[in-house]
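*Asks:* This is the structure, below, for whatever I ask next.
The values are calculated or read from the model by the stated rules, or taken from the named source; none is laboratory data. Bear in mind that the values here come from a model prediction, so they are computed numbers and not experimental data. Because the Cβ atoms are built from the backbone with ideal geometry, glycine has one as well, and the counts that use them run over all protein chains shown.
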Amino acid sequence: MIRFGKRGILIAAGAIAIGAGIGIATLAVGPAHAQGSGSITITGVGFNNQSQPQFPQVAVSVTCPANDRFVVDATTVQGAASEGSIGTQFCTGNAQNVTISTAFPSSSAIYPGDGAGPVLVGATLQFVPPGTNFDNPGDTYVGTTANLTFP
């Protein structure tokens, strides 16, 4: 049995509230596919190919039913939030490595990007069966967060 003291509950509740506020809370929405379910794991965070800290990249491993289509959204939080997504990809039924480039919103205050040190990373996998459009009630979402070190 796991026990949390009052402080642990408050910290956990605060972390969930912060994650939900920036759109990276773990999600499980919609009915499961008859073919199987999906998973997403954050495997790393680092600089983009030009070593620009304002465009951190998030590496994830995703698994979803073969022939389904998927998209991945990712967020990094370190003083400010950077966000990004990848376009539609096809599921193979096996683990697939995907890299998502993120950027700090142009509407936010000027921010130089992520610096060396702790960073909260979140990622959400959305997948749909063949012949189905995205953003329907039956879409399946799977999300995760991780505390990592940048770069």
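*Asks:* Across the range 63-86, what is the total count of residues that are at pLDDT 90 or above and either among the aliphatic types (A, V, I, L, M) or not in a strand (DSSP E or B) (or both)?
*Replies:* Total satisfying the criteria: 10.
*Asks:* For the condition buried (at least 20 other Cβ atoms within 10 Å of the Cβ) and either touching a residue at least 24 places away in the same chain (Cβ under 8 Å) or not hydrophobic (A, V, I, L, M, F, W, C) (or both), what is the one hit in T140, T88? Outline the logic, then answer.
*Replies:* Values: T88 fails: buried (at least 20 other Cβ atoms within 10 Å of the Cβ).
The conditions single out T140.
*Asks:* Another question, then. Could you pull out the residue among G38, G113 that is at pLDDT below 90 and not polar (S, T, N, Q)?
*Replies:* Working: G38 fails: at pLDDT below 90.
Of the residues listed, the single one that is at pLDDT below 90 and not polar (S, T, N, Q) is G113.
*Asks:* Failed condition for G122, given (1) within 18 Å of S37 (Cα to Cα); (2) touching a Gly at 6+ places or on another chain (Cβ under 7 Å); (3) surrounded by 18 or more Cβ atoms within 10 Å (Cβ to Cβ), with all others met?
*Replies:* Going through (1) within 18 Å of S37 (Cα to Cα); (2) touching a Gly at 6+ places or on another chain (Cβ under 7 Å); (3) surrounded by 18 or more Cβ atoms within 10 Å (Cβ to Cβ) one by one, G122 breaks only (1).
*Asks:* For N147, state whether it is out of contact with any helix residue (DSSP H, G or I) (no Cβ under 9 Å at 6 or more places or on another chain) and in a loop (DSSP other than H, G, I, E, B). Give the steps one after another, and end with the answer.
*Replies:* On the way: out of contact with any helix residue (DSSP H, G or I) (no Cβ under 9 Å at 6 or more places or on another chain): yes; in a loop (DSSP other than H, G, I, E, B): no.
In short, no.
*Asks:* In this structure, does S61 turn out to be closer than 15 Å to T145 by Cα and in contact with a Pro (Cβ under 7 Å, 6 or more places away or on another chain)?
*Replies:* The answer is no for S61.
*Asks:* Residue by residue through the range 94-110, note down the ones that are touching an Asp or Glu at 6+ places or on another chain (Cβ under 9 Å) and modelled with pLDDT under 90.
*Replies:* First, the residues of the range 94-110 that are touching an Asp or Glu at 6+ places or on another chain (Cβ under 9 Å): 100, 102-105.
The answer is A103, F104, P105.
*Asks:* Additional query: Testing A66 on (1) surrounded by fewer than 17 Cβ atoms within 10 Å (Cβ to Cβ); (2) in contact with a Phe, Trp or Tyr (Cβ under 7 Å, 6 or more places away or on another chain); (3) among the hydrophobic types (A, V, I, L, M, F, W, C), one condition comes back false. Which one is that?
*Replies:* Tallying (1) surrounded by fewer than 17 Cβ atoms within 10 Å (Cβ to Cβ); (2) in contact with a Phe, Trp or Tyr (Cβ under 7 Å, 6 or more places away or on another chain); (3) among the hydrophobic types (A, V, I, L, M, F, W, C), A66 fails exactly one: (2).
*Asks:* Just to be sure I understand the filter: pairs with C-beta atoms under 9 Å, separated by 6 or more residues or on different chains, first member in the range 36-47 and under 22 Å from G93 (Cα atoms) and touching a residue at least 60 places away in the same chain (Cβ under 8 Å), second member assigned to a loop (DSSP other than H, G, I, E, B) and not hydrophobic (A, V, I, L, M, F, W, C). Which pairs pass?
*Replies:* From the range 36-47, the pairs are S37/P65; G38/P65; G38/D68.
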